[in-house]
Amino acid sequence: MRRPSPVMITALVFVAGFVICSLQFPNFASTRVVANLLTDNAFLGVVAIGMTFVIISGGIDLSVGSVIGFSTVFVALTTEKLGLPPLLAFAILLVLCAAFGAAMGAVIHVFDMPPFIVTLAGMFLARGISFLMSTESTPITAPLYSAVSDFGIALPGGGRLTAIALIMLAVVAFGSILLHFTRFGTNVYAMGGNRTATALMGVEIGSMTVRIYMLSSVLAGLAGIVFSFYTAAGYSLSAVGVELDTIAAVVIGGTLLSGGQGTAIGTFIGVLIQGLIQTYINFDGTLSSWWTKIATGVLLFAFIALQQGMVRLAGRSRAIRAGGVT
Amino acid sequence: MALALPRRGLAQIAALIVILLIDRMVSPQFFDLRLQDGRLFGSLIDVLNRGAPVALLALGMVLVIATRGIDLSVGAVMAISGAIAASLADSHAWPVAVAAALGAGLLCGLWNGFLVAILGIQPIVATLILMVAGRGIAQLITEGRIVTFTSPDIIWFGTGSLLGMPAPVVIVVGMLIVTGLVVRGSALGLLIEAAGGNARASELSGVGIRTMVVSVYVWCSLCAALAGIIAAADIMGADANNAGLWLELDAILAVVIGGTSLFGGRFSLVLAVCGALIIQAMNTGILLSGYPPEFNLVVKAAVVLVVLLLQSPRLSDLVANYRKARA
């Protein structure tokens, strides 16, 4: 089940990319660039870890971008308009997100509906509610926010490991442990491998589905908090389309989209690769930002084709031929 | 098909009528039609006109979904074809611009079909690639600007009229008839449904699944390219960032409302278009009622859930068990 080889390829791509960038731009190989890479992609990393669990279990969660947008608006309005202390607002938010994810998981399981369409409804719902709460960008002025943005561990070479980068690293560590060293994680792999067999072995599929989507939504809420730290504002249009970046990061990280295989650390490197492309384009200066999308698309294709090749080699080609969805 | 339609589509047609009646309650002039400059005007025509791009997308999407696939890239294809049509509109004759835009759609469809049918990649994943990269390609064509044009021939696709109806409506009706003739006038529709029901079984019984799946994706992208031309003509410009944004979701929603299961199998072209009109009638109703347009998404989410619950096989089991327990 847990073959590390796709992760090795992802890591190699990242290292090769970094080396190419460093050869081209003399200032590239510095702790400053690396620390910025972590800070700029912190929210993506947090949400991608949640998505990794969902995809390994054989599902998909399209609602995460909207949940991030909802979270930034919720935090901004509760702290600014209602005057709640930020930490209390965070706690309420995460409970709301957990309930939201649990509801999606329950609908998916109880009514036996495709996760794709249920989370699509969740995406509309979360974005719609955040539009209803506010359509304007609300700046967040709570003292905690300036304290968090001032915080940073100085690295040798001028880099600064910010608080949100640390949050992401903590989530990656937490996700890795949960996925690879607990019964919950093992069940997630088993569900993605073969749902029926897993149910017959006595795993509560229903409660697992609810918990997996709950985890994804809670991490999306946390990513929203990280995003609000990053921008110091709440805006209902923030993080539009992030679900695609997230899925791309997970796939580039070597997770099989049909479920059953993948690692948390691979997803983390997948996020860094996307960040690296963005940084390269910033450094170059002559390339336009749309090359990010094209490069991500090309990488996606390369990794999916690679996965397909490996699946074929494993002799499973017959089941997924001829346009069938697994 | 003409006989089967009323029974199968009763719920959708009833829903459309109910929504239109609600719209009529909200806005008393809703059903008013007037003829001006040889073209009909009125809210009802507006629903048809505004719903045209999604209806076109739904027309292609319903075939893809019937084969048990999905095409997430239609919005991006719209952006690409709109960008091409807009950049060629003023420098070339209109047939060249339209042919180039449709040609781009053809290539996109071939790419998707190649990934799904030849390489055997899951449709969601395969079309995700073009969904991500497509918008970048569209921006590459427009060089990140919003390209505007003044060619009246291309603008006709968005704002012109034929026989008193707006051009987009005429195009949708034309495409519906062509698709219907090809799919239902031959055994193709049946074969598509068979492939969606059980791909392996139909392959073993001699259906050329690969060619068929590729052509279905090509048709879907062609419809999307046409919708892209209409969207670009409507605003007399191509906006690579926003053209067709999230319309893939509306198109999937329209197909699902139209009663086609996401697990493939039986499909109805007319009902998919009807689904697109239901969505547009809701949008128009919310706008007319003076509620903020932000309500749209929440209402849409509710509709998706209700429709899915109605279609869910598990729910009918639960209801049947409940009735049995009571009896």
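Out of A:Ile205, A:Ile212, A:Ile164, one residue alone is under 29 Å from A:Thr31 (Cα atoms) and not hydroxyl-bearing (Ser, Thr, Tyr). It is A:Ile164. For segment A:229-262, a residue qualifies if it is modelled with pLDDT under 90 and of a type in the set (S, T, N, Q), and the qualifying residues are A:Thr231, A:Ser236, A:Ser238, A:Thr255, A:Ser258, A:Gln261.
The numbered conditions (1) surrounded by 19 or more Cβ atoms within 10 Å (Cβ to Cβ); (2) touching a residue at least 40 places away in the same chain (Cβ under 8 Å); (3) not polar (S, T, N, Q) are all true for B:Leu288 except (1). Apart from one condition, B:Leu163 fits all of (1) touching a helix residue (DSSP H, G or I) at 6+ places or on another chain (Cβ under 8 Å); (2) in contact (Cβ under 8 Å) with a residue 60 or more places away in the chain; (3) more than 30 Å from A:Trp291 (Cβ to Cβ); the exception is (2). Could you tell me whether A:Phe70 is buried (at least 24 other Cβ atoms within 10 Å of the Cβ), closer than 20 Å to A:Thr231 by Cβ and of a type in the set (Phe, Trp, Tyr)? So A:Phe70 passes the test.
Listed conditions (1) at pLDDT 75 or above; (2) assigned to a helix (DSSP H, G or I) are all met by A:Val311, apart from (1).
Total residues in segment B:74-92 satisfying the condition of being under 12 Å from B:Trp246 (Cα atoms) and within 13 Å of chain A (Cβ to nearest Cβ): the figure is 3.
Evaluation of B:Asn112 against the conditions (1) touching a Ser or Thr at 6+ places or on another chain (Cβ under 8 Å); (2) in a helix (DSSP H, G or I); (3) modelled with pLDDT under 85 shows that the sole unmet condition is (3).
Within segment B:247-266, the set of residues being within 11 Å of chain A (Cβ to nearest Cβ), crowded, with 24+ Cβ neighbours inside 10 Å and either within 29 Å of B:Ala201 (Cβ to Cβ) or hydroxyl-bearing (Ser, Thr, Tyr) (or both) comprises B:Ile252, B:Val255, B:Val256, B:Gly264. With respect to (1) assigned to a helix (DSSP H, G or I); (2) modelled with pLDDT under 75, the lone exception for A:Val325 is condition (1).
Take A:Gly159 and decide whether it is over 27 Å from B:Pro123 (Cα atoms), within 25 Å of the chain's Cα centre (by Cα) and crowded, with 17+ Cβ neighbours inside 10 Å. It is true that A:Gly159 is over 27 Å from B:Pro123 (Cα atoms), within 25 Å of the chain's Cα centre (by Cα) and crowded, with 17+ Cβ neighbours inside 10 Å. Within segment A:18-43, the set of residues being surrounded by fewer than 18 Cβ atoms within 10 Å (Cβ to Cβ) and of a type in the set (Gly, Ala, Ser) comprises A:Ser22, A:Ala29, A:Ser30. Within segment B:283-327, the set of residues being away from chain A (no Cβ under 13 Å) and among the hydrophobic types (A, V, I, L, M, F, W, C) comprises B:Leu287, B:Leu288, B:Ala320, B:Ala325, B:Ala327. Scanning segment A:249-294 for residues that are more than 21 Å from A:Val47 (Cβ to Cβ) and in a helix (DSSP H, G or I) gives A:Tyr280, A:Ile281, A:Asn282, A:Phe283, A:Asp284, A:Trp290, A:Trp291, A:Ile294.
For B:Val218, the stated conditions do not hold, so it cannot be described as farther than 30 Å from B:Ala15 by Cα, at pLDDT below 85 and out of contact with any Asp or Glu (no Cβ under 7 Å at 6 or more places or on another chain). Taking the conditions exactly as written (over 30 Å from B:Asn198 (Cβ atoms) and either acidic (Asp, Glu) or within 14 Å of chain A (Cβ to nearest Cβ) (or both)), does B:Asp71 satisfy them or not? No, not satisfied. Of the residues A:Leu166, A:Leu144, A:Leu178, the single one that is touching a Gly at 6+ places or on another chain (Cβ under 6 Å) and among the aliphatic types (A, V, I, L, M) is A:Leu178. Do the conditions hold for B:Ser221, that is, is it under 29 Å from B:Thr67 (Cα atoms), under 16 Å from the mean Cα position of the chain (by Cα), at the interface with chain A (Cβ under 10 Å from one of its Cβ atoms) and of a type in the set (Gly, Ala, Ser)? The answer is no for B:Ser221.
When segment B:79-99 is filtered for residues that are part of a helix (DSSP H, G or I) and farther than 19 Å from B:Leu57 by Cα, the ones remaining, listed by number, are B:Ala86, B:Ser87, B:Leu88, B:Ala89, B:Trp94, B:Pro95, B:Val96, B:Ala97. Within segment B:199-257, being assigned to a strand (DSSP E or B) and either more than 22 Å from B:Leu107 (Cα to Cα) or among the hydroxyl-bearing types (Ser, Thr, Tyr) (or both) holds for one residue alone: B:Gly237. For segment A:186-206, the condition holds for at least one residue, the condition being that it is small (Gly, Ala, Ser), touching a helix residue (DSSP H, G or I) at 6+ places or on another chain (Cβ under 7 Å), crowded, with 18+ Cβ neighbours inside 10 Å and touching a residue at least 12 places away in the same chain (Cβ under 8 Å).
Scanning segment B:134-166 for residues that are over 19 Å from B:Ala104 (Cβ atoms) and in a loop (DSSP other than H, G, I, E, B) gives B:Thr150, B:Gly160, B:Leu163, B:Gly164. Looking only at residues that are in a helix (DSSP H, G or I) and within 8 Å of another protein chain (Cβ to nearest Cβ) in segment B:116-128, which one is farthest from A:Phe301 (Cα to Cα)? Here the answer is B:Ala117.
Taking the conditions (1) surrounded by 18 or more Cβ atoms within 10 Å (Cβ to Cβ); (2) assigned to a loop (DSSP other than H, G, I, E, B) in turn, B:Ala76 satisfies each one other than (2).
Candidates are the residues of segment A:227-238 that are within 14 Å of another protein chain (Cβ to nearest Cβ) and of a type outside the set (S, T, N, Q); the one that is farthest from A:Phe90 (Cα to Cα) is A:Leu237. Select from segment A:247-266 the residues that are farther than 15 Å from A:Phe301 by Cα and within 12 Å of another protein chain (Cβ to nearest Cβ) and list them in ascending order. Hits for segment A:247-266 are A:Ser258, A:Gly259.
Step by step: first the residues of segment B:130-157, then only those that are more than 7 Å from chain A (Cβ to nearest Cβ) and charged (D, E, K, R), then the one that is nearest to the chain's Cα centre (by Cα). Which residue is that? Checking each candidate, the answer is B:Asp153.
The values are calculated or read from the model by the stated rules, or taken from the named source; none is laboratory data. It should be emphasised that the depicted structure is a prediction, and the values quoted were computed from it without experimental measurement. Every residue, glycine as well, gets a Cβ built from its backbone with ideal geometry; the counts of neighbours run over all protein chains shown.
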